[in-house]
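Data block below; observations after.
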Amino acid sequence: MQTEVKFSSKRFLLALLLCACSVILLQNNNLSPNASFSFNAICIASGLAICFLFFLPSLILKKRTDSDVPTLARRYTPKLRIPVAIFYSLYFVYGALYFLLPYIDMFHTKYFPGVTPCLITLLMLICCAYAACKGVNVISRFGIFLFLFALLTNILMFGGSLSELDLGHYGFEFRGDVNSFVQNTLYFVTPSFIAVIFACCSGVTRNFRFRQPVFTLIFTGLKYAAVIFFVRFALGDYAGRQTYPAFVLSRVAHFGPFAGIESFYLALATMSVFMIISLFLCCISRGACTEGNRKCVIIFTVIIFALYVTATYINSVKEILSNPVLLLLLTFAAAVMLPAAYIFVGRKSNAKGN
């Protein structure tokens, strides 16, 4: 069992920023092909604005109580502690599979087609379980290294694609329809899953400021816009015929005779998904048992692996686990409804105390 030591809220939000970046790294024909870059920029802003609204209840909870939902569930509603823990556990298992499935597919099809996906998944989950046993504090420290590596990867990927930019083929016109706006905006709401991590783990952070999640979402938007810009203007029509365009962009990037930085891209995507699943397991552990509880982490790691294997053989299960609308509905319940409920419960408890 890990001793709960508070650490910097800035470092925690930096880790969440890196988790959010995985959404654009794993983008695979999720966006409407009929939308222009300017149109997508509006969709990014709209989607991340909704993400901030998802953040608000847990931000208010953190500001008023300096705590998180699992802690308040034990404090204010001990009879509901188990149902709340079960709901969050189910959410994080679902979320882990939602990101694990496209990552393993990308890793297997683009980089190691000769290796069985189940073996890749098993190795990834073992690493995630080990990190989860160490706790959120240790994982957020790893985020500092990952941030520096992400900067290097972005410099190589975008800098190496500058010579391929063709601003004449596509312009900055505003083109797109209502269906495209809804589809793309919903996709850019996906990073709201980090609001659920915040709702479950923010109690172990210190020196929190409201501006921190705002800057997190702003930098996330800049990252998304940069990837979409270079995919559109450096790859052009070719990107529309390929899966995982960010991976293709990393292959196109070159500096003179040195061509292709897909290994950097793959490492960044791997570490980003690794951080997501590790933090999800930490959240499950905080809600269901205690942070760093090995038995709890191992049990849910096995459950995730079993569901992944099931999804690889049963397509209907895979479709459910990859449904973006279902993820957003669950995220709304986990990031908005439950924290909002504990804001009300906290007020009522304080009123009784006075």
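The values are calculated or read from the model by the stated rules, or taken from the named source; none is laboratory data. Note that the structure is predicted; figures quoted are calculated from it, not measured. Cβ sites come from the backbone with ideal geometry, for glycine too, and all protein chains shown count toward neighbours. What goes into the accessible areas is simple: the full protein's heavy atoms, side chains included, and nothing from ligands, DNA or RNA. Shrake-Rupley method; radii C 1.70, N 1.55, O 1.52, S 1.80 Å.
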With +1 on each Lys and Arg Cβ and -1 on each Asp and Glu Cβ, how big is the dipole of the chain about its Cα centre, in debye rounded to the nearest 20?
-> 1740
Identify which of the listed values of volume of the Cα convex hull per residue in Å³ was calculated from the structure shown: (1) 198; (2) 135; (3) 165.
-> (2)
Residue 112 paired with residue 298, simple spin-label distance in nm, labels 7 Å along Cα-to-beta-carbon | 2.4
Under a plain spin-label model, where a point goes 7 Å from the Cα along Cα-to-Cβ, how far apart in nm are residue 313 and residue 165?
-> 5.0
Two-site FRET efficiency, residue 130 against residue 344, from Cβ-Cβ distance with R₀ of 41 Å, rounded to 0.05 | 0.60
Per-residue SASA entry for residue 338, accessible area with 1.4 Å probe, Å² rounded to 10 = 40
Once the whole set of protein chains is in place, how much accessible area is left on residue 210, using a 1.4 Å probe, in Å² to the nearest 10?
-> 80
Amide H proximity to residue 7 below 5 Å, modelled H, separation 5+ or other chain, gives 205, 206
Ranked order, 157, 337 - accessible area, probe 1.4 Å, largest first | 337, 157
What are the ³J(HN,Hα) values, in whole Hz, obtained from phi via the Karplus relation 6.51 cos²θ - 1.76 cosθ + 1.60 with θ = phi - 60°, for each residue of region 24-40 in sequence order, with x given for Gly and Pro?
-> 7, 5, 9, 4, 9, 6, 7, 9, 5, x, 8, 9, 7, 4, 4, 5, 5
In degrees, nearest ten, helix 338-353 long axis to first principal axis of the chain (Cα) = 30
Here the relative contact order (percent) of the chain, from C-alpha pairs under 8 Å and at least 6 apart, is 40
For the residue pair residue 207 and residue 174, what label-to-label distance in nm results when each label sits 7 Å from Cα along the Cα-to-beta-carbon direction?
-> 4.2
Which of the residue pairs 6/79; 6/62; 6/134 have a Cα-Cα distance greater than 25 Å in the structure shown?
-> 6/79
